[in-house]
Amino acid sequence: MSKGIVTRQPVYFISHGGGPWPWMPEQLKTVYAKLAQSLAALLPSLPQRPKAILMVSAHWEESQFTVQTTLKPDMIYDYGGFPEHTYHVHYSSDGSPVLAQRVTELLQVAKIEVRQNAQRGYDHGMFSPMQVINPTADIPVVQLSLKRGLDPQAHIELGRALAPLRDENVLIIGSGLSYHNLGMFNYLAAKPSQAFDEWLYTAVVEHKGEQRNQLLNAWEQAPAARMAHPREEHLLPLMVAAGAAEQEEAVRSYHETQFVGGVWVSNFAFGQHNLTAV
């Protein structure tokens with residue numbers, strides 16, 4: 001590829017895993033080994049190294065879409081019950097006020113209300129997967145919130161408004177979980193997570209455009225939907241990713257059927273990339 005030529009970046013929906021798992025060696029080698037392998041392959045799969053990353057994390061909700069503007073974000077240790085050292089980990093990437101302003105402009109053009117936050121730090125929905133995706137932390141990362149109410153269509157429209165960033169060498173990542181029921185995260189989740197995961201695969205991979213939008217908007221009608229997501233904040237980053245690649249095909253880029261003893265989980269990639277479908 002010739003230097004200076006910008007190729008449209010793909011879009012990803014990823015699992016960020018539980019808490020600070022990349023800093024827990026035993027978890028990294030066992031429970032999260034397959035997810036870590038998938039996340040580590042993300043940057044090499046791109047058409048070129050992105051100048052910045054826009055991350056929509058399930059762990060940030062505001063009354064209006066809000067973009068992080070600080071250059072040096074602090075860490076938000078939004079988890080509990082983990083070893084003491086995990087409350088001192090640090091992911092040292094810069095933010096990007098320039099990207100934050102560009103996001104603001106794009107949403108304003110789309111008539112989507114947007115706010116800026118100069119104090120917001122990085123939550124674990126960002127720093128845990130990014131520690132594996134890019135451990136050198138040399139790509140600026142900006143977080144963008146979900147909007148309270150968690151309306152699927154609003155988040156699809158958000159993604160649609162952000163799509164021009166892909167042609168500006170910005171990588172868009174939705175960070176959540178395809179299954180998120182903390183009260184049933186064991187072998188008891190096998191059947192409901194399978195039912196929802198199979199529906200999700202069909203909706204995302206076998207459809208695109210308006211058909212995919214309609215299916216995602218009606219996700220609550222999917223088999224075992226509310227067992228998979230008693231509250232849907234971990235699913236909504238997928239809506240943003242789908243909106244940002246509305247007319248493009250998707251593949252499943254990560255898949256397990258025995259995660260933590262029986263949970264079916266999946267990640268998805270939209271657009272042109274070098275990942276292998278699974």
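Brief remarks on what is shown
- Taking each residue of region 42-53 that is at negative phi and looking for partners that are surrounded by fewer than 16 Cβ atoms within 10 Å (Cβ to Cβ) and part of a helix (DSSP H, G or I) with beta-carbon atoms closer than 9 Å, six or more apart or interchain, yields R49/L43; P50/L43; K51/E168; A52/V98; A52/E168.
- Annotation: of all residues in region 1-54 being modelled with pLDDT of 95 or more, among the charged types (D, E, K, R) and not in a helix (DSSP H, G or I), the one that is farthest from A137 (Cα to Cα) is R8.
- Scanning region 69-101 for residues that are crowded, with 19+ Cβ neighbours inside 10 Å and either at positive phi or in contact with a Leu (Cβ under 7 Å, 6 or more places away or on another chain) (or both) yields G95, L99.
- Within region 97-138, the set of residues being more than 17 Å from F65 (Cα to Cα) and either modelled with pLDDT under 95 or in a loop (DSSP other than H, G, I, E, B) (or both) comprises N134, P135, T136, A137, D138.
- Put simply, of E246, E256 the only residue that is over 19 Å from H59 (Cα atoms) and part of a loop (DSSP other than H, G, I, E, B) is E246.
- Of all residues in region 102-130, exactly one satisfies the criterion of being surrounded by 22 or more Cβ atoms within 10 Å (Cβ to Cβ) and out of contact with any strand residue (DSSP E or B) (no Cβ under 7 Å at 6 or more places or on another chain), namely S128.
- Candidates Q143, Q153 - the one that is surrounded by fewer than 23 Cβ atoms within 10 Å (Cβ to Cβ) and of a type outside the set (D, E): Q153
- Test: residue in region 249-268 that is at pLDDT 95 or above, touching a Ser or Thr at 6+ places or on another chain (Cβ under 8 Å) and over 23 Å from M55 (Cβ atoms): yes
- Qualifying residue in region 166-174 (condition: out of contact with any Lys or Arg (no Cβ under 9 Å at 6 or more places or on another chain), polar (S, T, N, Q) and in contact (Cβ under 8 Å) with a residue 12 or more places away in the chain): no
- Being part of a helix (DSSP H, G or I), out of contact with any Cys (no Cβ under 7 Å at 6 or more places or on another chain) and either over 13 Å from P152 (Cα atoms) or among the hydrophobic types (A, V, I, L, M, F, W, C) (or both) holds for only one residue in R212, R226, and it is R226.
- None of A244, A269, A250, A277 is more than 18 Å from L188 (Cβ to Cβ), in contact (Cβ under 8 Å) with a residue 12 or more places away in the chain and surrounded by fewer than 17 Cβ atoms within 10 Å (Cβ to Cβ) except A277.
The values are calculated or read from the model by the stated rules, or taken from the named source; none is laboratory data. Just so you know, these numbers come straight off a predicted model, no measurement behind them. Please note: Cβ atoms are built from the backbone with ideal geometry, for glycine as well, and neighbour counts cover all protein chains shown.
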